């Protein structure tokens, strides 16, 4: 089982879009995938067509010990992957866990119960370094970092790399950067091309070859509660995330 935290402390970079559409792409290629929504906004949950306010068990209940992780897993219909949803209750988990022993490892412990059930686990992290993100980084084997190729992105990236180093030092010695994903990319933008070149120069083959373009269909799909490969499989966004899914499988030495 490959466990990836999809994170960036900067908001609006396409984390949730990447989580939902990578999960759908991997499932389309025949992999067993679990998507965990770790953001109290619950956007990944609604992006999969689930009503976040009417779920009996969510990741909140798992983290505070009110249910086993298997009880919180919901099948998605057309998408072909499983989901652990989130809603605003999750914001309270930090307060409730603050005095708990081993609070940073709650998710890691829970995931151990289903280790043999999935090929990939993807975790959609909130745009902040809080206890939820730390739980994800502690449970993960590697981090996928979606980012826009703009000036402030590089600054935020250095902060995130430092965070990963600290987690590696204190909580998860095996944590790696799986890859940097260029999102919302406009090839006509000279600054985007320059930042992209800098990323490749600094991070080499950690930068995914696949680039996610700006795409109207990609932006529309969440409002219909479905990944883009279900909403419009012929769109550039759908094709890009399918290509990313193939690249992720290839990087992890798995067959399609």
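The values are calculated or read from the model by the stated rules, or taken from the named source; none is laboratory data. Note that the structure is predicted; figures quoted are calculated from it, not measured. Positions of Cβ are backbone-derived with ideal geometry, glycine not excepted, and every protein chain shown enters the neighbour counts.
Quick notes on this structure:
- Hits in segment 39-56 - residues which are in a loop (DSSP other than H, G, I, E, B) and either closer than 13 Å to residue 90 by Cα or in contact with a strand residue (DSSP E or B) (Cβ under 6 Å, 6 or more places away or on another chain) (or both): 39, 40, 41, 42, 48, 55
- Of all the residues in segment 57-105, those that are buried (at least 16 other Cβ atoms within 10 Å of the Cβ), part of a loop (DSSP other than H, G, I, E, B) and under 21 Å from the mean Cα position of the chain (by Cα) number 10.
- Among the residues of segment 164-188, none is identified as free of Cβ contacts under 8 Å to residues at least 12 places away in the same chain and closer than 15 Å to residue 147 by Cβ.
- Search result, residues across segment 15-39 that are more than 14 Å from the chain's Cα centre (by Cα) and surrounded by 20 or more Cβ atoms within 10 Å (Cβ to Cβ): 27, 28, 31
- When restricted to residues that are surrounded by fewer than 23 Cβ atoms within 10 Å (Cβ to Cβ) and at pLDDT below 95, segment 3-12 contains 4.
- Restricting segment 228-245 to residues that are surrounded by fewer than 21 Cβ atoms within 10 Å (Cβ to Cβ) and in contact with a strand residue (DSSP E or B) (Cβ under 8 Å, 6 or more places away or on another chain), the residue that is farthest from residue 119 (Cα to Cα): 236
- Helices (runs of 4 or more DSSP H) wholly inside segment 142-256 containing at least 3 residues that are touching a helix residue (DSSP H, G or I) at 6+ places or on another chain (Cβ under 6 Å): 228-231, 236-251
- Segment 164-190: number of residues that are surrounded by 16 or more Cβ atoms within 10 Å (Cβ to Cβ) and under 19 Å from the mean Cα position of the chain (by Cα): 12
- Considering only residues in segment 140-163 that are crowded, with 21+ Cβ neighbours inside 10 Å and modelled with pLDDT of 90 or more, the one that is farthest from residue 21 (Cα to Cα) turns out to be 140.
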